[in-house]
Amino acid sequence: MKRLVVATVSLLISLGAGTPGGLRAQQASPDPTEAEIDEIFARFKDGPGCALGVIRDGGLVFTRGYGYANLDHDVPISSTTIFDIGSTSKQFTAAAIVLLAQRGELSLDQLSLDQDVRDFIPELHEYDEPITVRQLIHHTSGVRDYLTLMRFAGMSFENVFQEDDGVELLARQRELNFEPNTDHLYSNSGYLLLAVIVRRVSGMSIGEFLEQEVFSPLGMEHTFVYEDRFRVVKGRATGYASDGEGGFGIEH
C-alpha cells in the first residue's frame, strides 16, 4: 500500500556524512564565524529546527543541527537527520521524466516532452485540447488538484490507498481548471501523473527509478522515495506545525 503523496514524490533526505561540529578541511577565512552562524539559527534551539550545510569550492565545509528532530523525546537534529522534503521533491520527478525523454523512451517515435499524456495514461478523459507531459511539469495543464478532489469527496489526506486510486479519481474528471497552457496553477496532480508515467515507461516505480538513475550514481546513500509507509527510518525527523499559541503540533 502507498500513500498518494508518495507518487508526487515525497523524499527523505539527509546532508549525509559531513563534518559535524564545525568548520573543517577547506576552511578559508572564518567568515562568517561559527558563533555568527549559531546566532542566526538560535531561534530554533528550543523547538523544531533544521540541519545546515555550507558548501564552498565544491566541498562541505560546515554542518550543524539546530533544534529538535522529535519533541516527544528531545532528540536533537544533527547533520545526519533524515527529513521529508515534501513538494521540494517534485524536481526529482521532473528529472526522472527528462532522463527518460533524453533516451527517447517517452516518445512513441521521436523524443518529445510535448506528447499527449493520454499516450501513457489512456484512462484520463479526452479533453478538447490535449494535455502534454511538459504542461504537467510546468503546472500549466489545468488538471484539477487531487487534494482538493479528495476533500470534495470526503476523503482524508491521511488515508492510505494505491497510486492507481489517484489516477482513477482524476480519470473521473470531465473538466479542467482552464484550457491547457493558458494559465499557471500549482498542481500536485501533475506530478502524480508524471510518477505514473515513469512507472509505465520504465517498468519501475518512481522510487526504484530514482535510486538506480540518480541517488546511487550520485552517492546519495541516505536519500530515497518514501514508498513504504511501514519502513523504519532511523534518524528521521518528525514534521511539526505551529499551533498558533506558541507551541507545536505534529504536521500531517
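To keep it simple, each residue is scored yes or no on (1) buried (at least 16 other Cβ atoms within 10 Å of the Cβ); (2) without any contact (Cβ under 8 Å) to a residue 24 or more places away in the chain; (3) in contact with a Phe, Trp or Tyr (Cβ under 9 Å, 6 or more places away or on another chain).
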| site | (1), (2), (3) |
| --- | --- |
| 151 | no, yes, yes |
| 155 | yes, yes, yes |
| 170 | yes, no, yes |
| 174 | no, no, yes |
| 179 | no, no, yes |
| 182 | no, no, no |
| 186 | no, no, no |
| 197 | yes, no, yes |
Sort out which residues of the range 112-128 are part of a loop (DSSP other than H, G, I, E, B), open to solvent by less than 80 Å² (accessible area, probe 1.4 Å) and more than 15 Å from residue 168 (Cβ to Cβ), and write them in order of number. 112, 113, 115, 120, 127
Restricting to the range 28-80, count the residues that are under 26 Å from residue 241 (Cβ atoms) and either open to solvent by less than 30 Å² (accessible area, probe 1.4 Å) or part of a strand (DSSP E or B) (or both). 20
How about the range 207-236: which of its residues are open to solvent by less than 30 Å² (accessible area, probe 1.4 Å) and modelled with pLDDT of 95 or more? 207, 209, 210, 214, 215
Residue 93, sole failed condition from (1) in a loop (DSSP other than H, G, I, E, B); (2) of a type in the set (Ser, Thr, Tyr); (3) buried (at least 19 other Cβ atoms within 10 Å of the Cβ): (1)
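The values are calculated or read from the model by the stated rules, or taken from the named source; none is laboratory data. All values derive from a computational prediction rather than experimental measurement. Neighbour counts run over all protein chains shown; Cβ positions are idealised from the backbone, glycine included. Ligands, DNA and RNA are stripped out before the accessible areas are found, and what is left, the full protein with its side chains, is counted by its heavy atoms. Shrake-Rupley method; radii C 1.70, N 1.55, O 1.52, S 1.80 Å.
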